[in-house]
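Let me begin by presenting the structure, written as structure tokens, before commenting on it.
Each value in this text was obtained by applying a stated rule to the coordinates, not by laboratory testing. Every value quoted in this text rests on a predicted model; they were computed, and no experiment measured them. Note that we place each Cβ from the backbone using ideal geometry, even for glycine, and neighbour counts take in every protein chain shown.
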């Protein structure tokens, strides 16, 4: 059964400093990776999707995937206080009926 | 405007009762899902439907029954409620129900069972 672990559990950064979040997964056949942000007011929004090793950028959000190391990360450039939220890593396998396995989340706080 | 509408936003129930959580999507998608987020646990997959047919069920208990009366509806009936059922239930949808698609989530229904 797929296990997805995120680290750190919580992270505090200053406005403008880079924020880096990590996610490891257990099933090496996984090939779909998404980072979601969970705001109490806005629900769940997808930030970036990545399907092959390397880097994928969507605005200020960049995902890095290394499937050999079972690792995907999210880097947030120039974070703002409005980026304070819970960040969730979601992993799935093509053909798997879109069954996403989520990590437990990283609580990001961006201080002015 | 939210494109996936979940009703109600908050729900309080007593142990042993039955409740229906409503989900409607206006994205024109053919696949819909239910996920659950319990306190201190990650979001977990419950059901997936594609073209109103059940595709995957990861819920052990038959007390949870999805109901799809229309293509853009997937309600969740929960019977014989228990305090452990307290959680936020998220409905989601995607274009076709094939792996690798982006899922769009509703804002959730927070259920508290007393």
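Here is how the numbers come out for the structure above:
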quantity: Stokes-Einstein diffusion coefficient of the range B:1-63, Kirkwood radius over Cα pairs, 25 °C, 0.890 mPa s, in µm²/s; calculated: 179
quantity: Tail fraction, Cα-Cα pairs, the range A:1-53, threshold 19 Å, whole percent; calculated: 43
quantity: Förster radius 25 Å - calculated FRET efficiency between residue B:60 and residue B:12, Cβ distance, rounded to 0.05; calculated: 0.55
quantity: Rg/Rh (Cα only; Kirkwood hydrodynamic radius) as it applies to the range B:54-100; calculated: 0.98
quantity: Cα principal axis extents for chain A, largest first, Å; calculated: 42, 27, 22
quantity: Residues A:92, A:40, A:7, sorted so that the one with the fewest Cβ neighbours within 10 Å comes first; calculated: A:40, A:7, A:92
quantity: Projected label distance in nm at residue A:12 and residue A:53, using a 7 Å step from Cα toward the beta-carbon; calculated: 3.8
quantity: Relative contact order [Cα under 8 Å, 6+ residues apart], chain A, whole percent; calculated: 36
quantity: Neighbouring partner chain Cβ atoms per residue of B:42-48, average, 10 Å criterion; calculated: 6
quantity: Extension gain (nm, one decimal) between residue B:52 and residue B:26, 0.36 nm per residue minus Cα-Cα; calculated: 7.9 nm
quantity: Peptide A:97-110 - average C-beta neighbours from other chains (10 Å radius); calculated: 5
quantity: For the range A:90-112 and the range B:1-79, distance of Cα centres in Å; calculated: 19
quantity: Rounded to 5, percent antiparallel among DSSP beta bridges of chain A; calculated: 90
quantity: In Å, descending, principal axis extents of the Cα set of chain B; calculated: 37, 31, 29
quantity: Bins of 5 Å from zero: percent of alpha-carbon pairs in the protein assembly as shown; calculated: 1, 7, 14, 18, 18, 17, 12, 7, 3, 1, 0
quantity: Peptide-level mean, for B:103-109, of C-beta atoms on other protein chains within 10 Å; calculated: 4
